[in-house]
1. Under a 10 Å cutoff between Cα atoms, tell me which one of 307, 249, 294 has the largest fluctuation in the Gaussian network model of the chain.
2. Counting DSSP beta bridges in the stretch 179-308, what percent are antiparallel, to the nearest 5?
3. Take the Cα coordinates of the stretch 1-107, assign each an equal point scatterer, and use the Debye formula without solvent to give log10 I(q)/I(0) at q = 0.09, 0.20, 0.22, 0.24 Å⁻¹.
4. Mean separation of Cα pairs under 8 Å and 6+ residues apart, divided by the residue count of the stretch 1-155: what relative contact order is that in percent?
5. Using the basic label-point model (7 angstrom from Cα toward the beta carbon), what is the residue 179 to residue 143 distance in nanometres?
6. Considering the zone a paramagnetic label at residue 199 would reach in this model (a point 7 Å from Cα along the Cα-to-Cβ line), which residues of the stretch 245-264 have amide N under 16 Å from it?
7. Can you work out the base-10 log of I(q)/I(0) for the stretch 179-286 at q = 0.12, 0.21 1/Å, using the Debye formula on its C-alpha atoms alone?
8. Determine the order of 80, 169, 255 by accessible area, beginning with the largest, at a probe radius of 1.4 Å.
Amino acid sequence: MRMVIEQLNDSIKDSKNILLVSHINPDGDTLGSMCGLYALIKDNYKKHCEMVAVSDVPSTFAFLPNINFVKNINDLDLSREYDLVINLDVAALDRCAGAEVLFHKAKKTANIDHHETNSSYAKLNIIRPYAAATAEVLCEISEALNWHFTQESAMCLYTGIMTDTGCFRFSNTTQQTMEYSGKLLSYGINPAEVYQMCYETSSKEMVLFQSFCINKAQFVNDDKIAYTIVYKKDLEKFNNGKGEDYTDGLTEKLRAIATTEIAFVVKELNSTSSKVSMRSRTKDVAKICSQFGGGGHKLAAGAVVKGSPVQVVKQILKEIKNKNLC
Ligand code: AMP
Ligand code: MN
Ligand code: MN
């Protein structure tokens, strides 16, 4: 276990050009981990990395230190050969589609993640399914390599852990998670402030959109399964065509119902495919999503599936039945 961390240390030391990569539809963990590792490498190796996002960065995360240095994939030279490309929270290579070409061209590659379904697709793989967040894996690496923290790097990693644990409420929260988080707070982080920046800055439109989606939720199998569909046209009506995604946290709201054993949201992406987001308290929904080419964690998983939302709902319900999940 330690050896691969030493190899990462050597690779960072030996590299001049380093690129940090986040996953599509970036969340607090992939962005917090990327901006946090950027700060850690700057502070501990005196090196500047480049950071890339393959889709829009939600405005919620504008408070993250160094987020202004994150470039969109369209602004990068795709013919460039980086010495080291590090993927953060990217469960499968197609989750950073667009940056894949830079990954393949790189002299060295690293994959730092906590998804059980991660196939260890890089040269250096630091995958810790027991960790609540990729940011927690970075805490483990920091401890092993004696990396020095600043308020900047601590803020980024704390955000990653806080968001991926649903503010320390989900079952991935462990004693270790809390110990690392406590240490991060000691660098001058105010937990109430980070919470408010992440969760109490929702727009009125987002809250109304989520109530609209919950209002038309369907309950099947004695209410053990709860789901709702997000149509593109509905989303556009609420976000005024600004392209903002208002679905973050929606599936968790359906899971919060006492009778729910499996909750899922199917979001229409275009005329041929839909995005599935699944949550459970007890059932392994990653198994279902893997069946459709996706993956994730046992209790929180996702996939992009071919078909209209209605067709995809049918396929998911059939798969839940086939697997006798509930
Ligand atoms: P989401 O429902 O999109 O919030 O995703 C739940 C979890 O599953 C997150 O940890 C994602 O990183 C992971 N996930 C979502 N979609 C995919 C996918 N297509 N392939 C692998 N993992 C995924
Ligand atoms: Mn993520
Ligand atoms: Mn994560």
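1. 249
2. On the way: 19 of 25 bridges.
About 75 percent, rounded to the nearest 5.
3. Evaluating at q = 0.09, 0.20, 0.22, 0.24 Å⁻¹ gives log10 I(q)/I(0) of -0.21, -1.06, -1.27, -1.47.
4. Working: 300 pairs, mean separation 41.9, N = 155.
So the answer I get is 27 percent.
5. Placing both labels 7 Å along Cα→Cβ, they lie 0.5 nm apart.
6. Residues 248-257 qualify, since their backbone N sits under 16 Å from the label point.
7. Those come out to -0.53, -1.08, one per q.
8. Numbers: 80 75, 169 175, 255 35 Å².
These residues rank, largest area first, as 169, 80, 255.
The values are calculated or read from the model by the stated rules, or taken from the named source; none is laboratory data. In this text, all values refer to a predicted model and were calculated from it rather than measured experimentally. Please note: Cβ atoms are built from the backbone with ideal geometry, for glycine as well, and neighbour counts cover all protein chains shown. Calculation scope for accessible area: heavy atoms of the full protein, side chains included, ligands and nucleic acids excluded. Shrake-Rupley method; radii C 1.70, N 1.55, O 1.52, S 1.80 Å.
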